[in-house]
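Below is one structure, written out as structure tokens; comments come after it.
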Amino acid sequence: MTKIVNHWIGGKTAEGASGTHGPVTNPATGEVTTKVAFASVEEVDAAVAAAKDAYRSWSQSSLATRTSILFRFRALVDAHRDEIAELITAEHGKVHSDALGEVARGLEIVDLACGINVQLKGELSTQVASRVDVASIRQPLGVVAGITPFNFPAMVPMWMFPLAIACGNTFVLKPSEKDPSAAVRLAELMAEAGLPDGVFNVVHGDKLAVDRLLTHPDVKAVSFVGSTPIARYIHTTASANGKRVQALGGAKNHMLVLPDADLDAAADAVVSAAYGSAGERCMAISAVVAVGAIGDTLVEKIRERAEKIKIGPGDDPTSEMGPLITKAHRDKVASYVENAAAEGAEVVLDGTGHTVDGYEDGHWIGISLLDKVPTSAKAYQDEIFGPVLCVLRTETYEEAVDLINASPYGNGTAIFTRDGGAARRFQLEVEAGMVGVNVPIPVPVGYHSFGGWKDSLFGDHHIYGNDGTHFYTRGKVVTTRWPDPADAPAGVDLGFPRNH
């Protein structure tokens, strides 16, 4: 019997009423294992209405109440992390260790939310004028929405809703329809932790559900992570409807390798960063820029390591890389490799013909490595979102930085070098929001914010960290003047000596 994933509205399961469902496949087998209900406009409205109703009391709840619930939620997620990871593997395809890592990184933001008390402290200036004080405070927005991608079905939602809820907002999540089960399980655990009904809601669907959230008058802010074209659309549409927006887009992350680098360490790092989670992550290293004469040696070291990666189903503990999310995506990724030679690249490894015995209908693709890739090639220009690594060659550091900065994306980047001065110059000169020095995937810890530059981010606020708290709250300044108690009206004795 095919599993059905329904909505979560008002603290309970809400069976889909639209009559429209989407298929969810096991990427390792290609089999449709689940159907997910797609929300109608009316069902999205019901979720927003539940959140709006819950906001009246939740926004007035104490910080102690909010954080105590989040502490219990954190303990529940920790206790169920294997179960959540299994849901991720079954619908996304990533190996179990990657799925566990995703849950762990999501818990970092729950940790931050548990300590929201410090982040929400205001400021006070006394005696700015005679008996006048000025205070700055931060207050919640109302109903906020999150629209999240398929590649991290637990982590990215946890980048959003714990902070939003800790700040006093209520939340409507629209997760990816490709792997929806983890989001619903998180909602169930929030309810088990004692979260009041309606504070956290989950609706599934496609563009119809997204567009309703972007235009609904009661949704005050929208958080999004996904591709650049959709991020631009989210930002434009939601902003035009008066909403605050943080929309994180795509990436083409470069790793610059200087001639003095430890090439073994660089090769180890890039293989993990390029091919981990099958390359389906916005912080994957997808382009290596080799400076000087080291290129041939570096490519050979990458090839040696990449050929040893064991590809198989995510629930096999010996697998190091799983399949891609859908067959259509697998075929699109393969097309970049198939056309690479015609565009001037040298195909060192071609993974397009890879299959796994016993799982022939799975969405499999092997490791691909392209060398001497021209910047005009589509494999370099596009965000591939798969296990395809491009290597580009430059003669100088300056040429390499110019190449990186010419990219329309500016999500993350890395430099591998032993020279501190070179690293310092790079971190100041490169046009990207997150920089790693001998660190291939510089995803910030939870108390620093995540976000890129240029076409990798639309909106002013990065996600989580201090930016996350500011995004989910708005400032208010209160100026007060109280008369001196000695000037109390006649007949009122407060025990103070009269001034006259």
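Here are the numbers for this structure:
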| read-out | value |
| --- | --- |
| Value of relative contact order over the chain, rounded to a whole percent, pairs C-alpha under 8 Å and six or more apart | 18 percent |
| Of VAL270, LEU208, LEU195, farthest towards positive along the dipole that unit charges on Lys, Arg, Asp, Glu beta carbons give the chain | LEU195 |
| On Cα atoms only, tilt of 228-240 relative to the major axis of the chain in degrees | 20 degrees |
| For ARG474, residues with placed amide H under 5 Å, excluding near neighbours | GLN139 |
| Potential lengthening between GLU15 and ASP268 on full extension [0.36 nm per residue; Cα-Cα distance subtracted] | 86.4 nm |
| Within the accessible area of the chain (1.4 Å probe), percent carbon and sulfur | 52 percent |
| Fully extended contour minus Cα-Cα distance, from GLU429 to THR396, at 0.36 nm per residue | 10.4 nm |
| Calculated FRET value between VAL437 and SER125, using beta carbons and R₀ = 30 Å, to 0.05 | 0.15 |
| Cβ-derived FRET efficiency at R0 60 Å, LYS3 paired with VAL492, nearest 0.05 | 0.30 |
| Cross-link reach list, aspartates and glutamates versus LYS207, counting only Cα pairs under 13 Å and skipping chain neighbours closer than eight places | GLU177 |
| Of LYS252/LYS378; LYS178/LYS332; LYS174/LYS310; LYS52/LYS243; LYS3/LYS178; LYS12/LYS327, those spanning more than 22 Å from alpha-carbon to alpha-carbon | LYS174/LYS310; LYS12/LYS327 |
| Check: the chain dipole with +1 on Lys, Arg Cβ and -1 on Asp, Glu Cβ, in debye | 1840 debye |
| Phi-based couplings in Hz for segment 470-481 (Karplus 6.51, -1.76, 1.60; Gly and Pro marked x) | 5, 5, 8, 9, 10, x, 9, 10, 10, 10, 10, 9 |
| The chain: angle of helix 96-114 to the longest principal axis, Cα-based, in degrees nearest 10 | 20 degrees |
| For segment 482-488, 3J(HN,Hα) per residue [Karplus equation, 6.51 cos²θ - 1.76 cosθ + 1.60, θ = phi - 60°, Hz, x = Gly/Pro] | 10, x, 5, x, 5, 9, 4 |
| Relative contact order %, segment 26-102, counting alpha carbon pairs below 8 Å whose residues are six or more apart | 42 percent |
| Accessible area in square angstrom per residue, the chain, 1.4 angstrom probe | 41 Å² |
| Table column - 3J(HN,Hα) (Hz), segment 293-300, Karplus curve with 6.51, -1.76, 1.60, x for Gly and Pro | 8, 7, x, 4, 5, 5, 4, 5 |
| On Cα atoms only, tilt of 181-192 relative to the major axis of the chain in degrees | 30 degrees |
| FRET efficiency estimate (nearest 0.05) - Cβ-Cβ, ASP111 to ARG303, R0 35 angstrom | 0.35 |
| Per-residue [θ]222 nm for the chain (sum of -39500 (n - 2.57) over DSSP H runs n ≥ 4, rounded to 500) | -11000 deg cm²/dmol |
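The values are calculated or read from the model by the stated rules, or taken from the named source; none is laboratory data. The shown structure was predicted, so the numbers you read here are calculated from the model rather than taken from an experiment. Positions of Cβ are generated from backbone atoms using ideal geometry, with glycine treated the same way; all protein chains shown enter the neighbour counts. Surface areas here come from the heavy atoms of the whole protein model, side chains and all, with no ligands, DNA or RNA. Shrake-Rupley method; radii C 1.70, N 1.55, O 1.52, S 1.80 Å.
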